[in-house]
1. What ranking do ARG102, ARG69 get, fewest neighbouring Cβ atoms within 10 angstrom at the top?
2. Pairs of alpha-carbon atoms within less than 8 angstrom and 6+ residues apart define the contacts here; what relative contact order does segment 113-244 have, in percent?
3. Based on the mean of other Cβ atoms within 10 Å per residue, sort peptides 86-95, 112-121, 278-287 so the most packed one is first.
4. Which GluC sites (Glu not before Pro) from segment 178-243 combine a DSSP loop assignment with at most 15 other Cβ atoms within 10 Å?
5. Please arrange ASP140, ASP238 by how many other C-beta atoms lie within 10 Å of their C-beta, fewest to most.
6. How large is ³J(HN,Hα), in whole Hz, for each residue of segment 278-293 in order, when computed from phi with the Karplus curve 6.51 cos²θ - 1.76 cosθ + 1.60 and θ = phi - 60°, using x for Gly and Pro?
7. Under 16 Å Cα to Cα from LYS315, which lysines show up? Leave out anything in the same chain fewer than 8 places away.
8. Where does each of 256-263, 171-178 land if you order them by average Cβ count within 10 Å, highest first?
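What follows draws every value from the coordinates through simple rules; no lab data is involved. Just so we're clear, the structure is a prediction, and the values are computed from it rather than from any experiment. Note: ideal-geometry Cβ built from the backbone for every residue, glycine included; neighbour counts use all protein chains shown.
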Amino acid sequence: MSEAHKITLIPGDGIGPEVSSAVVSILEAAGKKTGCSFDWHRYDAGADAFAKTGEYIPKALYESIEQNRVALKGPVTTPIGGGFSSINVTLRKKFDLFSNFRPVKSLPGLKTNYPNIDLIIFRENTEDLYAGLEVMVQPDVAQSLKIITRKGSTRIAKAAFDYAKKHGRKKIHAIHKANIMKLSDGLFLKCCQEVAAGFPEVTYAEHIVDNTCMQLVLNPYQYDIILTENLYGDILSDLCSAFVGGLGLVPGANIGLECAIFEAVHGSAPDIAGQDKANPTALLQSAVLMLHHIDEPATAEKVQTALETVYAEGKTLTKDVGGNSGTKAFADAVIAAIG
């Protein structure tokens, strides 16, 4: 067996510990089949961490991610008020995780209004309005600055086109509002166009963001890869998740040059915490992305195949997707399906 992969694990709060425990058990079971092992370094973040350490993101957690370069993160509650920004945004900025990668793909057996969806969102992850540069110009006037840079736009475009070339994707749409924000979104489009010129095998197109929302609802199949800025990507990824059953099913990856954090994109759902009701699918599929990232494709394939087998059979699903099983029973079913 090869040396264990050192992974920083942030279980999160609310349903986070439950879904994280389920995912870890599935990865461990799959790893035993393929010779892949894990050395989990567990740390709290958010409200739970603050209660224990007085810090929302403990220094030891930062150091662990710096050393391991890979983290798996459950949902974390960011306290409202108090001046602390989103835990997610803070981690993305800290480690310059510029590429938010979200594949949106239908799972077998689930009945939705949009069968056989398979599209990918590449969202710039560190700038735009999420730079958090805000000021009260006057007592009744607030100003928020939208930051778009050539560096940020070029590298997210390059990530999208590199992925398309490597994985045989045929089409990329850059999503923008350059008809109104001519300088900021105009710069983003110019960078996308420059990168696209180096990939003649990939069809490149541009859609305005409001039209994109309508086009997605009318016919999401016209899209293959969506390439966009931070705010638009946040909105569009939630919209696209509805095509496959909701945020409880969709994985997410935040990738930089040095580190990567893989996370469930849904919230911490404190109303069902501790009740064995949570669906681990989003975090599990995020873990599959993590396995590919650490070059463990065989383990990733075993986990994904087992997950899809459980969905196709439909006998051990959680209530949010029409079943009657709990978190642990679902995880046990996935483990049993690992070949």
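1. Working: ARG102 25, ARG69 18.
In increasing order of surrounding Cβ atoms, one gets ARG69, ARG102.
2. RCO, segment 113-244: 38 percent.
3. Top of the packing list down: 278-287, 86-95, 112-121.
4. Details: sites: GLU194, GLU201, GLU206, GLU229; in loops: GLU201, GLU229.
Here the sparse-neighbourhood loop sites are GLU201.
5. Listing ASP140, ASP238 from fewest to most nearby Cβ atoms yields ASP140, ASP238.
6. The phi angles translate into 6, 9, x, 4, 4, 5, 5, 5, 5, 5, 4, 4, 4, 4, 5, 5 Hz.
7. LYS111, LYS277, LYS328
8. The most tightly packed comes first, giving 171-178, 256-263.
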